[in-house]
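The values are calculated or read from the model by the stated rules, or taken from the named source; none is laboratory data. Here the structure is a predicted model, which is why all the values come from computation and not from measurement. Please note: Cβ atoms are built from the backbone with ideal geometry, for glycine as well, and neighbour counts cover all protein chains shown.
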Amino acid sequence: MRCPYCGFDDSKVIDSRPTEDKIRRRRECVKCGGRFTTYEAFEVPLLMVEKRSGGFEPFDKQKLIKGIFTAIKKRPVNKSQVEEIANYVENYCADHLRTTIKSAEIGNIVLDRLREIDPISYIRFASVYKDFTDIASFVAAISEFENKKSPETGSPGVSEE
């Protein structure tokens with residue numbers, strides 16, 4: 001880090017603290033002893049979503065949250081659970097150093113999370129995500145949900161897709 005007083009290229013960090021999405025560092029120039037503050041921000045790579053049509057668009061966390069909220073309307077699912085699902089999708093991509101993800105993969109991740117939280121929300125989200133066109137599609141989704149229950153507890157299980 002270049003000293004703003006003398007222009008020397010070396011400084012030492014005296015204090016470091018996290019602040020709103022940034023890290024604040026107090027530095028001291030090793031040449032002139034001048035002290036100054038720097039802020040480091042986390043750079044998140046742009047995540048692109050590959051749509052069914054083959055096109056790409058930037059990942060929009062708010063769009064995902066809005067879609068999930070549509071599925072959970074009047075259901076016992078709270079805002080923090082919805083945000084946790086959206087954060088999970090984002091963190092999953094960051095943890096695996098991914099810059100693209102297929103919309104189908106996002107849908108499957110959301111379905112896996114909703115399966116754990118609320119079966120009705122799961123079916124609602126699946127009906128839009130999988131583009132149900134008839135009653136047989138709903139019956140198939142419900143059967144799939146029932147088949148993925150854990151045998152020992154009768155509660156929904158988590159699939160590793």
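Kindly check whether there is at least one residue in the stretch 24-37 that is closer than 28 Å to CYS93 by Cβ and of a type outside the set (Lys, Arg). For the stretch 24-37, residues closer than 28 Å to CYS93 by Cβ and of a type outside the set (Lys, Arg): absent. Restricting the search to the stretch 19-71, which residues are in contact with a helix residue (DSSP H, G or I) (Cβ under 8 Å, 6 or more places away or on another chain) and among the charged types (D, E, K, R)? Across the stretch 19-71, the qualifying residues are GLU50, LYS51, ARG52, LYS61.
What residue, of ALA94, ALA41, ALA126, ALA104, is free of Cβ contacts under 8 Å to residues at least 24 places away in the same chain and surrounded by 11 or more Cβ atoms within 10 Å (Cβ to Cβ)? The match here is ALA126.
Among the residues in the stretch 92-110, are any farther than 25 Å from GLY54 by Cβ and at pLDDT 90 or above? Checking the stretch 92-110: not a single residue is farther than 25 Å from GLY54 by Cβ and at pLDDT 90 or above. Given the condition touching a residue at least 40 places away in the same chain (Cβ under 8 Å), farther than 18 Å from SER103 by Cα and more than 18 Å from the chain's Cα centre (by Cα), answer yes or no: does some residue in the stretch 74-89 qualify? Yes: the stretch 74-89 contains one or more residues that are touching a residue at least 40 places away in the same chain (Cβ under 8 Å), farther than 18 Å from SER103 by Cα and more than 18 Å from the chain's Cα centre (by Cα). For the stretch 1-34, the candidate set comprises residues that are among the basic types (Lys, Arg) and loosely packed, with under 13 Cβ neighbours inside 10 Å; within that set, the residue that is nearest to ARG98 (Cα to Cα) is ARG17. Every test in (1) more than 20 Å from ASP131 (Cα to Cα); (2) more than 13 Å from the chain's Cα centre (by Cα); (3) of a type in the set (Lys, Arg) is passed by LYS102 save one, and that test is (1).
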